[in-house]
1. What does the net charge come to around Ser73 if you take all other residues with beta carbon closer than 13 Å to its beta carbon, with K and R at +1 and D and E at -1?
2. Using the Kirkwood formula on the Cα atoms of the chain, what hydrodynamic radius do you get, in angstrom to one decimal?
3. Among the helices of the chain (complete DSSP H runs), which have Cα atoms covering no less than 15 Å along the helix axis and a Kyte-Doolittle mean of at least 0.5?
4. Per-residue counts of other Cβ atoms within 10 Å, averaged by peptide: what ranking do you get for 28-41, 79-92, 54-67, highest first?
5. Considering Cα pairs under 8 angstrom that are at least six residues apart, work out the relative contact order of the chain and quote it in whole percent.
6. How compact is the stretch 52-120 by the rule of thumb for globular proteins, expressed as Cα Rg over 2.2 N^0.38 Å?
7. Under a 5 Å amide H to amide H cut-off, with H placed in plane at 1.01 Å, what residues pair with Val12 once short-range neighbours are removed?
8. Subtract the Cα-Cα distance of Asn107 and Asp42 from 0.36 nm times their separation in residues, and report this length gain in nm to one decimal.
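Derivation of every value follows stated rules applied to the coordinates shown; laboratory data play no part. Computed from a predicted structure; not experimentally measured. We place every Cβ from the backbone using ideal geometry, glycine too, and count neighbours over all the protein chains shown.
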Amino acid sequence: MGRKEWFENTRVYELRGLKGASAFSLPGIGIFVGLTYSTNYDLLRHEYGHILQGLSKGFLSFYFLTAPLSLFSAFYEKCNKNYLHKNARVEIEANTLAYSYFAEPENWDILNFPLKKVKN
């Protein structure tokens, strides 16, 4: 495990084993990112969205429902080139929670971190 930093009062851990922009969050523990990604603000905001999911749904719901769905989605993307993990419901929900938490920033990376569409 590499350096430890903080983001929104949440510990950020750098892991040598995570490739590229791979990351995951464990509410109550922290955010885990690949080396050099501990300063990627867009990725950290997204991962903080998963922390917010844990806080809003409760830890049991997060760890037994949300996290497995996210993990399955990430692995499925590796097997199916037509599937995009970033478009999974739990990922979009994390983005939308973070987007709201960070006061709907104008510089939100909508391409890589899509948001839930609001019905008019």
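1. My count for the surroundings of Ser73 gives 0.
2. 14.6 Å
3. Qualifying helices, which must be both long enough and hydrophobic enough, are 67-79.
4. Packing proxy ranking, top to bottom: 28-41, 54-67, 79-92.
5. 18 percent
6. 1.18
7. Those qualifying (amide H under 5 Å, at least 5 residues apart or on another chain) are Glu5, Trp6, Phe7, Ile31.
8. 22.5 nm
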